[in-house]
Amino acid sequence: MLNIALFGPPGSGKGTQSKFIINKYHLVYISTGDILREQISLQTALGIQAKQLIDHGHLVPDELVVQLIEDKLNNGGNANGFLFDGFPRTCSQAEILEQILKKRHMNLNAMVSLEVPQTELVQRLLDRASVQGRSDDTKEVIEARFKEYASKTMPVIDFYKSLNKYHPVDGVGSLEDIFARIQQVIDNI
Ligand code: AMP
């Protein structure tokens, strides 16, 4: 079984590279951002609560996100493995992920971190805003998301460094080149 967490700041290309990774390695895709947006469009109680936070660039509480992950793992069937996109985003989520995988006799093989300079990230997000129209891709909300990322998400890197699972990948270049770098990491774990 191959379980990977794809990590990186907003705009680092996690969603795009995820598609390549799940196709090549036949993994079940779990994106907490996508699940939350689905809950918002369905106007569930969770979705309504999450929307307030997402639209202000804040993270959704750990308990909510962990519950979503557990539901997905329980429905994963005989998966070859899982690709987590945008999860874990806090040290607490990372610790809980280790526990819930262990409980299922599974293990996270690697945390692949897409590294992109901040100036390029902002431009990519503003470009995406004009194409996809995501409500959290405005200039003010992007700034708030980066603040959350710096204070709550960056420390997750040290957590995985301490477990020898942290694999930085240069996230600048053509989609094919970036995917080639990711494959090099995955094929060598
Ligand atoms: P994303 O599509 O991954 O950029 O996620 C969009 C938004 O959903 C984030 O800015 C957060 O508000 C929320 N979100 C997604 N994943 C998580 C997570 N693992 N923990 C907390 N909030 C999350």
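The values are calculated or read from the model by the stated rules, or taken from the named source; none is laboratory data. For clarity, every value in this text was computed on a predicted model and none was experimentally measured. Here Cβ is always computed from backbone atoms with ideal geometry, including for glycine, and neighbour counts include all displayed protein chains.
Some notes on this structure:
- Among the conditions (1) closer than 26 Å to Pro155 by Cβ; (2) more than 14 Å from the ligand (Cβ to nearest atom); (3) touching an Asp or Glu at 6+ places or on another chain (Cβ under 8 Å), the only one that Leu126 does not satisfy is (1).
- Number of positions in the stretch 26-40 that are over 18 Å from Pro88 (Cβ atoms) and in contact with a helix residue (DSSP H, G or I) (Cβ under 7 Å, 6 or more places away or on another chain): 2
- Test: residue in the stretch 129-139 that is of a type in the set (Gly, Ala, Ser) and surrounded by 16 or more Cβ atoms within 10 Å (Cβ to Cβ): yes
- When Ile35, Ile40 are checked against the criterion of being within 12 Å of the chain's Cα centre (by Cα), more than 27 Å from Lys161 (Cα to Cα) and without any contact (Cβ under 8 Å) to a residue 40 or more places away in the chain, Ile35 stands alone in meeting it.
- Single match in Asn107, Asn164 (criterion: away from the ligand (no atom under 15 Å from the Cβ), at positive phi, surrounded by fewer than 16 Cβ atoms within 10 Å (Cβ to Cβ) and modelled with pLDDT of 95 or more): Asn164
- Residues of the stretch 82-102 satisfying the condition of being farther than 17 Å from Leu2 by Cβ and near the ligand (Cβ under 7 Å from one of its atoms): Gly86, Pro88, Arg89, Thr90, Gln93
- Of all residues in the stretch 122-171, those satisfying the criterion of being part of a loop (DSSP other than H, G, I, E, B) and under 17 Å from the mean Cα position of the chain (by Cα) are Arg134, Asp136, Asp137, Met154, Lys165, Gly171.
- Residues of the stretch 108-121 that turn out to be within 17 Å of the chain's Cα centre (by Cα) and assigned to a loop (DSSP other than H, G, I, E, B), as a count: 3
- Residue pairs meeting the criteria (Cβ under 8 Å; at least 6 apart or on separate chains; first over 24 Å from Val156 (Cβ atoms), in the stretch 166-186; second modelled with pLDDT of 95 or more and among the polar types (S, T, N, Q)): Leu175/Thr16; Leu175/Gln17
- Checked against the criterion of being at pLDDT 95 or above, crowded, with 16+ Cβ neighbours inside 10 Å and not small (Gly, Ala, Ser), the stretch 171-180 has at least one qualifying residue.
- Meets criteria (of a type in the set (A, V, I, L, M, F, W, C), over 30 Å from Ser41 (Cα atoms) and free of Cβ contacts under 8 Å to residues at least 40 places away in the same chain) for Ala150: no
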